[in-house]
Amino acid sequence: MKKKNNNWTTVFLVLLLLAGVSLLLYPSLSDYWNSMHQTRAIASYAETVSQLDTAQYDEMWKAAQDYNRSLAQRETAFALTDEQELLVESLKEYADRYFDDESVRQMYENHQVSAEAQDAYRDAGFPFMGLPEEVGGIPTDHVTLGLMTEKLYEFTGAMTPFMTGMLACADLAEFGTPEQSAVIMEEYEKSGQSVAALCLSEPAAGSDNMGMTMTSKKQADGTYVLNGQKTWVTNGADVPYYIVICKDEEPARENNKMSLWLVKRETEGVSTAHLTKLGQHTVPFVDVFFDNVVVEESQRIGEAGAGWLLLMKNFEFERCLVVAQGLGLAQAAQNDAIAYAKERIAFGKPIITNPRVQGLIEQNEIMLQQTRHWLYYCLWKLDQGQSINADIAMLKSWGTRAHLQIADNAIEVYGGLGYTEEVRVGRIWRDLRGNMLAGGTCEVMDYIAGRAIPKLYK
């Protein structure tokens, strides 16, 4: 019995040894086997190709190219629809006609987009995209609106007030009464220009919104009196209406009851002061002062005390459009830098052949592609009804910084010329610096994302 057991033990050990040796030898044997077959296949292919005449080779090469083109033309998640392609073409035609270099220079000097360009924008129907059909708008998904914004800013190479005007109308259409929406849309349809400006930030309450001190106080006759100052009011110079947020009754920090009001700019007690900025000169910014401004209950937008919650609802999409604006301008800077690098001769060769210039252009392209894919992912999530609180906070912070770096790299490609007013990359740089503040500073975005990200991990 003992001898039999010893035999089984010996057999087991031998099998175990063989199994171990097989495992050790398998990678080498597998590589050898595959290499042998690959070598044979390559040799066979090379022999076949060598026997082809020129016509046969050209035919085979053309078939391969046609196949690759067919793959590229297939519908994918990244393909534009026919409607989106027509939209892009229309935007290109519009920009080419009204935003040539000289026209843009005049717009920046005059601190506004020309009336001719604004009228053409309205006539094309662009201002109404993204607004509900019931108020005379053209319902549009978030991805298409992002595409529209990106391409408008790329093709014009300039800041414009158009998208912020649409957002103000969209807020009123969503939160306001039918009467309030009708008043705003009547004005909007006349010009397609901004007709309402959001009054949110205050001198001592920019990122710190709870530090807001402007108030609305109810009077004995049922009216309300507004007192306070708002700053960084976009498009606030000539709009007929303001959308104003302020605290109900008390300015105390712990008071989180805030209401939205629709106030006519011509109301007694309303005054403005122009803000001079480093860039974005085609979009006027103002301080707005409210000194004992009387409003009625019918001018309240939404429920009493819920104003801040209403505004927060659309902040995610607004930040997407800020990124889309910056992406378009950054792409314009990249377009200019590459075109210049191909033409500029230094040391007998175009500077596009210089490794340093190639490196700058590569850095720009990486940042552009990263921003673009992340942006459209966020927009797609919005179209699916998903929250992008953390996503857009990260993208707003990272993307606006990246866009500024792209413009900075473009200036470096131009060299000394990039630091002059002869080319537009410097102007684009200044415009992009402002986007780091718009819709919430990068630092605030970092704070929002820093709180939100851990909640995604369970």
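The values are calculated or read from the model by the stated rules, or taken from the named source; none is laboratory data. This one's a predicted model, so the numbers in the text were calculated from it and none came from an experiment. Cβ placement follows ideal geometry from the backbone for every residue including glycine, while neighbour counts extend to all protein chains displayed.
At-a-glance table
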{"read-out": "Count of the range 135-158 residues which are modelled with pLDDT under 95 and hydrophobic (A, V, I, L, M, F, W, C)", "value": "2"}
{"read-out": "Long-range neighbours under 7 Å by Cβ, at least six apart or interchain, first residue in the same structural domain as ALA393 (by TED's automatic domain parsing) and closer than 26 Å to ALA205 by Cα within the range 438-458, second assigned to a loop (DSSP other than H, G, I, E, B) and not polar (S, T, N, Q)", "value": "CYS442/MET436"}
{"read-out": "Matching residues in the range 273-321 - criterion: being of a type in the set (Asp, Glu), surrounded by fewer than 19 Cβ atoms within 10 Å (Cβ to Cβ) and outside any strand (DSSP E or B)", "value": "GLU296, GLU297, GLU303"}
{"read-out": "Odd one out for VAL423 among (1) outside any helix (DSSP H, G or I); (2) surrounded by 15 or more Cβ atoms within 10 Å (Cβ to Cβ); (3) free of Cβ contacts under 8 Å to residues at least 60 places away in the same chain", "value": "(3)"}
{"read-out": "Qualifying residue in the range 160-170 (condition: touching a residue at least 40 places away in the same chain (Cβ under 8 Å) and touching a Lys or Arg at 6+ places or on another chain (Cβ under 9 Å))", "value": "no"}
{"read-out": "Leading residue by the ranking (surrounded by the most Cβ atoms within 10 Å (Cβ to Cβ)) among those in the range 108-130 that are among the hydrophobic types (A, V, I, L, M, F, W, C) and under 15 Å from ASP238 (Cβ atoms)", "value": "VAL113"}
{"read-out": "Residue that is farthest from PHE162 (Cα to Cα), among those in the range 131-147 that are over 20 Å from the mean Cα position of the chain (by Cα) and buried (at least 20 other Cβ atoms within 10 Å of the Cβ)", "value": "VAL135"}
{"read-out": "Verdict on LEU395 being touching a Phe, Trp or Tyr at 6+ places or on another chain (Cβ under 6 Å), among the hydrophobic types (A, V, I, L, M, F, W, C) and surrounded by 21 or more Cβ atoms within 10 Å (Cβ to Cβ)", "value": "yes"}
{"read-out": "Test result for GLY206, farther than 30 Å from SER114 by Cα, modelled with pLDDT of 90 or more and of a type outside the set (A, V, I, L, M, F, W, C)", "value": "no"}
{"read-out": "Among residues of the range 57-106, those that are hydrophobic (A, V, I, L, M, F, W, C), part of a helix (DSSP H, G or I) and either modelled with pLDDT under 95 or not assigned by TED's automatic domain parsing to the domain that holds GLU154 (or both), counted", "value": "6"}
{"read-out": "Residues of the range 150-172 satisfying the condition of being crowded, with 21+ Cβ neighbours inside 10 Å and of a type in the set (Gly, Ala, Ser)", "value": "GLY157, ALA158, GLY165, ALA168"}
{"read-out": "Members of the range 253-284 found to be within 30 Å of the chain's Cα centre (by Cα) and free of Cβ contacts under 8 Å to residues at least 12 places away in the same chain, listed by number", "value": "THR276"}
